[in-house]
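Have a look at the structure below, then the notes.
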Amino acid sequence: MIDQCHTFLLDASGVLYNEEGVIPQAVQTVRRMQAIGSVFVVTNNSCHSPAVISKALVNEGYQLSPDHIFSSGYGLSEDPDISAFFQGKTVFFVGYEDSKVYMKNTGYAGFAPLPHADVIVISSSIGAAAEEMVAMVKEALIQRPRPVICCNPDHYVRGLGQDLIPVAGKYAAQIEESGFPVHWIGKPLENYSQMISRRLRERGVSLDSGVCFFDDNPVNVMNMQQHLGISGCWIRETGIGFTFDSSLIHTTYSADALDL
């Protein structure tokens, strides 16, 4: 199947690597893909900039440049509905310093402490401080409602063995479940798919069955296929795929079936 494709869209965590390290044979597979066509990383990782993500991947043997890494963080500026929240507004930013690169071109007025900020952005789970952050944000929203935006809808990534590591989306969902609306950008939402569509078309890529998307979340695969009219591959063994009941998924593929 790989030989029938001209463009490859690869999720990062669970496809290229997980907490145990590089996925076996993945580096060789990506090199084979690059010999056939174009390879792009399409990820909900908004913790780090594409430059940092690229450097980490290169250190593991991949050759993936920053301009081939499409993070959901870019949706803060590229999605018109999301970016409209920032025009001339101050932002309380939950994330690492490096991920503030995604605020560029949003039209925001600057960063501000939580009590004074006009908009709240959640780009990362910030480790052990995440639960405290959720409580602080809820209290601030009680005092003064304001937009909350999360640019990583993922709740978990694969840890060691079959452990799951909570990430930004889980904590933003806790805020939403408390009755405070959250605006989302990222897989499996159509706003992320449309951002990918624009970026690919700008690079002259035709959206057809010759574009294949690889992800460890079958919902992401099915939605991206439906939104963009492309092919998809669910990677079941190396990411969070083991948490899904395959009998409930309409179309499933394995790495073996695709002769990777």
**Q.** Peptides 59-65, 117-123 ordered by average Cβ neighbours within 10 Å, highest first
**A.** 117-123, 59-65
Q: Please turn the phi angles of segment 37-45 into ³J(HN,Hα) values with the Karplus equation 6.51 cos²θ - 1.76 cosθ + 1.60 (θ = phi - 60°), one per residue in order, whole Hz, x for glycine and proline.
A: x, 8, 10, 10, 8, 10, 9, 8, 6
Q) At Glu139 and Ser65, where each label point lies 7 Å from the Cα along Cα→Cβ, what is the point-to-point distance in nanometres? A) 4.8
Q) Using 0.36 nm per residue, how much length does the chain from Gln226 to Ile2 gain when fully extended, once their Cα-Cα distance is taken away? A) 78.6 nm
**Q.** Cα lying deepest toward the dipole's positive end in the chain, options Gln25, Val41, Ser178, charges on Cβ
**A.** Val41
Q: For segment 215-226, just list the computed ³J(HN,Hα) in residue order, Karplus coefficients 6.51, -1.76 and 1.60, θ = phi - 60°, integers in Hz, with x standing in for Gly and Pro.
A: 8, 8, 10, x, 5, 4, 4, 4, 5, 5, 4, 5
**Q.** Sequence of His227, His116 when ordered by accessible area, the most exposed leading, probe 1.4 angstrom
**A.** His116, His227
Q: Tally the DSSP beta bridges in the chain and give the antiparallel ones as a percent, rounded to 5.
A: 15
Q) Using +1 on the beta carbon of Lys and Arg, -1 on that of Asp and Glu, and nothing else charged, what's the dipole of segment 156-246 about the Cα centre, debye to 20? A) 340
**Q.** DSSP-defined beta bridges in segment 8-158 - what % are antiparallel, rounded to 5
**A.** 10
**Q.** Virtual spin-label span in nm between Ala112 and Gln162, 7 Å along Cα→Cβ
**A.** 4.8
Q: With everything on Cα atoms, drop me the angle between helix 190-202 and the longest principal axis of the chain, reported from 0 to 90° to the nearest 10.
A: 60
(Q) As a test of understanding, state the convex hull volume per residue of the chain from its alpha carbons, in Å³. (A) 123
Q) How far is helix 50-59 tilted, in degrees, relative to the longest principal axis of the Cα atoms in the chain, given as a value from 0 to 90 rounded to the nearest 10? A) 40
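The values are calculated or read from the model by the stated rules, or taken from the named source; none is laboratory data. All values reported here derive from a predicted model rather than from experimental measurement. Note that we place each Cβ from the backbone using ideal geometry, even for glycine, and neighbour counts take in every protein chain shown. For the accessible areas, the whole protein counts, side chains as well, though only heavy atoms, and no ligand, DNA or RNA atoms are used. Shrake-Rupley method; radii C 1.70, N 1.55, O 1.52, S 1.80 Å.
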